[in-house]
Every structure is written in C-alpha cells, then in structure tokens.
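Q: Here's a structure for you.
Only the coordinates and a few stated rules stand behind these numbers; no lab work does. Worth saying up front: this structure is predicted, and the values here are computed from it rather than measured. Note that each Cβ is placed from the backbone with ideal geometry, even for glycine, and that neighbours are counted across all protein chains shown.
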Amino acid sequence: MPDPQPVLYLAAPRGFCAGVDRAIDVVEMALRVYGPPVWVRHEIVHNRHVVDDLRRKGAVFTDDLAEVPAGSVVIFSAHGVSPAVRKEAEDRGLKALDATCPLVTKVHLEALRHAKEGTTIVLVGHRHHVEVQGTLGEAPDSIVVVETPAEAEALVVPDPAKVACITQTTLSVDDCRAILQVLKRRFPAIREPAKDDICYATQNRQNAVKELSRRCAAILVVGAPASSNANRLVEVAKGAGAQAWLIESAQDIRPEWLAGGGNVGVTAGASTPEDIVQACVERVRELGGHRVEEFRLVEERVMFPLPGELLSMAKEKGVEVGAGNERAAARAAVEFPARHH
C-alpha cells in the first residue's frame, strides 16, 4: 500500500494578535489623518514585512527621538516606552500617539502600584528586550530584572517580606513558571504576577504548538529573529520533542527538513502577516506534497480600541475610520482601560 499523504497542520490561532492589529492600525490611520511622514519610535512590531510595508506608505522608524523634527507626529510602538521617553517627546513638542499594547500597559501600571508601596519588584523577562526596558523605566530604583532560575536563586532584596513579581508579556509560560517557583520558595510572601501578565495570544500559540508537537516531527514557526514570542514558540516546540525552526519567509524553508515525509506543523508569531504564512504553507506543499488541515485550539475574539485622540482627529478631519481597514472600524466602539498620563 502507498504511504498515506503527510499532513501539514496549520495552527490556529496564529499570527497577528489584537495588540499587533491595533498598533498597525494606529500607524495606518495616522498616515491618513496627518499625512506622511509619520514617525515611529522603534519598529512598531518585530516583523520586517510589516515594517517595510508601513515604510513604503510613509512611516519613518527610529530609536532616537532626537531624529524626529519638532512638531512631528510620533507613535510609540506596541512594546511600550518608559516615562522618560514620553517626557522627551513632550519636551520636544512632538505629537505623541500611543500604540502600546494594552496588556503591556497593564504591566506598567502594576509596576507603578507596587513601587508606590515600597515593594521590590522582580521583573521576569529578557533585560535587553524593548518591552522590558519600557517597563523598567517606570520604577528603575524598585525593579530588578531576572531572566533565569539561576538569577532568581542569587537574588538579594532589601526586605524579603516586601517582594512582588511582574512579567514580560511574551515569555514562555513554562520558563516563567520555573522562575516563579524559585522566587516563591525563596520569598514565600511574594506577590505573584496577575495570571494574565503573559498575554492571551502568547499562551494560546504556545498551547497550540505543544499539541502540534505531539502530532508532528517538524514545526515551522514563521516570525522575525527579533520577535520574542516567535522565538519562544520554537523553544516550546523543541521542549515538547519536535524539531523546530524559525523562518522569516518561504525562501527559508530547506527541503531536507521535510525529507522524512512526516507531518509538519506551521504556526506564526503574533506579529507575522497571514500572507507570509500562506506562502510558507504553499512552499511546504510544493516540497513535500502535504495536505493541509487547520488545527484550531481556541477562538480569539479580543479587540482593543484605537487611541481616543486619533479617533477624535479622524472625525474632525472627516477621515472615515473603516476606510480600507475593517479591523479599525470594528474596534472603534470597544472599550478598554487606558493609561492616563
């Protein structure tokens, strides 16, 4: 009998999360409301396809606000920024629009609350990641960053009875749990992070990869090398026993990865456009003759609203919210607690 046709399991949910959708919409609508150029501090999301597309439309990306001409529109990326960056924008007379993911904002507000109470804050995350740098800037004298269980073991704090923990939103759930176990053993009174500090989309994509790793010998994660959540997906797949590779495009797929003829899982980081994912699916089918099945773990129905000041300006200038962007139109009436500053 001929061998059964191998299956390409396409993970769902995958790709864009609500925070990324919102961030991209902020840039696109700002370009329509204010006209190009619109400046963006840091890559709006960590994906070169998204960044290159917005650059073609008139967005200018920079990591240094000193490069932004006075009076210009500047957008803060989905990863969040420190209060020092907000003040610099204000001092330079820039029109700032905040595309920070609301789930990142929530972690910032947790940090501020703990700091006001005189608590040492353990921020579990990758210290050089832009999201962590933004959170750290909320209370630099109160926050210490911990990346590994070993660092948690070596941590010394002024008062072991006054310790709280917060986390980067895009961590591996399992890695975060391992660090938290050490912290709870060493500091029994620690105030644990809110259960949803690691964002819903990160959790959902990691859970799907774990399930796919039981069905597939190989997992392809479509995402950027700088994407924390995409890198964590690769780690989760390997930890579950599958071979896994991070790819940016279909051209990165190597035929030898599929030479065994087994089932393949494909997923994508939270900042990966769906058209890039579909191109990778077609490449796998060309190389291995796989049939495609969607593997859906949960439904995601989360949407975040656009900044109120951007919606108001759009109305004032007669720019239709949904023109060419149904995601923004659907989101316009959604309510979510915003940062007040």
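Q: Computed on alpha carbon atoms, what radius of gyration and Dmax characterise the stretch 60-116, expressed in Å?
A: Reported Rg and Dmax, both Å: 12.3, 37.
Q: Can you quote the Å³ per residue value for the convex hull of the Cα atoms in the stretch 142-250, rounded to an integer?
A: Residue-normalised Cα hull volume stands at 107 Å³.
Q: Can you put THR100, THR170 in order of Cβ neighbours within 10 angstrom, beginning with the fewest?
A: Final ranking by Cβ density, sparse to dense: THR100, THR170.
Q: With viscosity set to 0.692 mPa s and temperature to 37 °C, compute the Stokes-Einstein D of the stretch 1-90, Rh being the Kirkwood radius across alpha carbon pairs; µm²/s, no decimals.
A: Rounded, D is 220 µm²/s.
Q: Further, regarding this structure: Stretched out fully, how many nm does the piece from VAL319 to GLU211 gain, at 0.36 nm a residue minus the Cα gap?
A: Using 0.36 nm per residue and subtracting the Cα-Cα distance, I get 34.5 nm.
Q: How big is the chain along each principal axis, measuring the range of its Cα positions in Å and listing the largest first?
A: Reported extents, whole Å, longest axis first: 72, 57, 34.
Q: Just list whichever of LYS106/LYS184; LYS87/LYS184; LYS57/LYS95; LYS116/LYS184 have alpha carbons separated by over 26 Å in the model shown.
A: LYS87/LYS184
Q: Could I ask something else about it? By its C-alpha gyration tensor, with a ≥ b ≥ c as the square roots of the eigenvalues, how is the stretch 103-186 shaped: rounded for a/c under 1.5, else prolate for a/b larger than b/c, else oblate?
A: Taking the square roots of the gyration eigenvalues as a ≥ b ≥ c, the stretch 103-186 is oblate.
Q: Per-residue HN-Hα couplings for the stretch 98-114, Karplus 6.51 cos²θ - 1.76 cosθ + 1.60 at θ = phi - 60°, whole Hz, x for Gly and Pro?
A: So the Karplus estimates, Gly and Pro as x, are 9, 9, 4, 4, x, 6, 5, 4, 4, 5, 4, 5, 4, 4, 4, 4, 5 Hz.
Q: If you rank ASP141, ASP175, ASP275, ASP21 by fewest surrounding Cβ atoms within 10 Å, what's the result?
A: If I rank by nearby Cβ atoms, fewest first, I get ASP141, ASP275, ASP175, ASP21.
Q: May I ask you to sort ARG185, ARG191 by Cβ crowding, counting other Cβ atoms within 10 Å and putting the fewest first?
A: ARG185, ARG191
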